[in-house]
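Student: Below is a structure I'd like to ask you about.
The values are calculated or read from the model by the stated rules, or taken from the named source; none is laboratory data. These numbers were taken from a predicted model, which means no experiment stands behind them. Here the Cβ positions follow ideal geometry from the backbone for every residue, glycine too, while neighbour counts run over all protein chains shown.
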Amino acid sequence: MSSMSRDLSGRAGPETAGSAYEDGRGAIEMASLRVLRRKASRTALRVPIVWYRHRGLNPGDAFVASYPRSGSTWLRFLLLELLTRADEAGFDSVNQMIPDVGRHGGCLPLVANGGRLIKTHEAYRTEYQKAVYVVRDVRDVVISEFEYENANERISEDFDEFVMLSLKGCVNGYGSWESHVASWLDSPLAENGRLLVVKFEQLKAQTEDTLAGILEFLGVRRDRAAIRQAIANNNLQRMKEKEDRAPQTSAYSRESGDQKRFIRSGSTGGWRARLTPVQVQLIERQAGAVLVRMGYSLEAAQPASGELLSSARA
């Protein structure tokens, strides 16, 4: 047996060990690069990039907008089937037909007046003329975003540190959840009837009626049977099967389990079992006014500021 393969005991030979070392070093370097790219996305370097991505928009374009990890991917799957009458949407077709802003140049019109449907995670910008804005409880968002960033090997913080960074608006390039939501609620679109705000929890609990309302807002007519079929084609199990065919995170494989998925449980209220009382207090203290404005209840008693900070540092 060659010394460059495994011997009968299963031990790695010189070449195999060297190859494993190189593979391991390469994986570490890629993970470090992802962390650096994430940090750069939160700096002023992002400003000209965002401006460039928003070139070439048309007045008829509509947007599926949300803070990250708020349910807009699921909504895009549902809408693509209903707007194109496709048999079943997949990640490739959704990303091509309802793309991220900046990748919209070649996508086809899908809504009334020849407009395209484009996804954005940005806070409100004057380029946006019509939008469906999806809002999810920030207490669920922070958990989902941590798991997603962790699955993509883009963070070095533990969950406690991540929560604190989230409160400061420093976990992505989109600012804090509450400032993002407020930017849309207080936008001119909200005043002129060109903004439809949809709570993720409402979309999950009353999917058919909520989708019917979104289609009406977009100027599209579909019968209820088509809406029900789109919902069946994109339930949680079917969405996971689609991700099995087209993995969406760097660390996911069928063997890695749900912790490394892009499509997770999509739970509502899961924060009650995951967040500590102090974390709930901190989040509600920071985002409570917007939570209440969106109809979410506050559940933590708010201690004096000094007590809260000392508990957070403990």
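Student: State all residues of the range 85-107 that are modelled with pLDDT under 95 and loosely packed, with under 14 Cβ neighbours inside 10 Å; if no residue qualifies, say none.
Tutor: Listed by number, the residues that qualify are R85, D87, D92, G105, G106.
Student: Select, from L203, L215, the only residue that is assigned to a helix (DSSP H, G or I), touching a helix residue (DSSP H, G or I) at 6+ places or on another chain (Cβ under 8 Å), over 19 Å from Y67 (Cβ atoms) and among the aliphatic types (A, V, I, L, M).
Tutor: Working: L203 fails: over 19 Å from Y67 (Cβ atoms).
So the residue among L203, L215 that is assigned to a helix (DSSP H, G or I), touching a helix residue (DSSP H, G or I) at 6+ places or on another chain (Cβ under 8 Å), over 19 Å from Y67 (Cβ atoms) and among the aliphatic types (A, V, I, L, M) is L215.
Student: Test R76 against the criterion of being basic (K, R) and at pLDDT 95 or above, and give yes or no.
Tutor: Here the answer is yes, as R76 does meet what is asked.
Student: In the range 36-145, which helices (runs of 4 or more DSSP H) lie fully inside it and hold 3 or more residues that are closer than 29 Å to E191 by Cα and under 14 Å from the mean Cα position of the chain (by Cα)? Before the answer, list the steps.
Tutor: Values: elements: 46-53, 72-84, 91-97.
By residue number, 72-84.
Student: Report, by residue number, each residue of the range 147-178 that is at pLDDT below 90 and over 17 Å from the mean Cα position of the chain (by Cα).
Tutor: The answer is S156, and nothing else.
Student: Continuing with this model, one more query. I want to confirm something. Restricting to the range 170-188 and keeping residues that are part of a helix (DSSP H, G or I) and hydroxyl-bearing (S, T, Y), which single residue is nearest to T126 (Cα to Cα)? It would help to see each step written out before you state the result.
Tutor: Within the range 170-188, the first condition is being part of a helix (DSSP H, G or I), and the residues that meet it are 177-185, 188.
Restricting the remaining residues to those that are hydroxyl-bearing (S, T, Y) gives 179, 183.
Values: S179: 16, S183: 11 Å.
The extreme case among them is S183.
Student: Considering every residue within the range 54-65, establish whether at least one is over 22 Å from V197 (Cβ atoms), in contact (Cβ under 8 Å) with a residue 60 or more places away in the chain and not small (G, A, S). Break it down stepwise before answering.
Tutor: To start, the set of residues in the range 54-65 that are over 22 Å from V197 (Cβ atoms) comprises 55-56, 58.
Filter once more, so that each one left must be in contact (Cβ under 8 Å) with a residue 60 or more places away in the chain: none.
No: zero hits.
Student: Scan the range 84-101 residue by residue and report those that are among the hydrophobic types (A, V, I, L, M, F, W, C) and in contact with a strand residue (DSSP E or B) (Cβ under 7 Å, 6 or more places away or on another chain). Can you show your working first?
Tutor: Here is the first cut: in the range 84-101, the ones among the hydrophobic types (A, V, I, L, M, F, W, C) are 86, 89, 91, 94, 97-98, 101.
Of everything in the range 84-101, those that are among the hydrophobic types (A, V, I, L, M, F, W, C) and in contact with a strand residue (DSSP E or B) (Cβ under 7 Å, 6 or more places away or on another chain) turn out to be I98, V101.
Student: Of the conditions (1) in a helix (DSSP H, G or I); (2) at pLDDT below 65, Q237 fails just one. Which one is it?
Tutor: (2)
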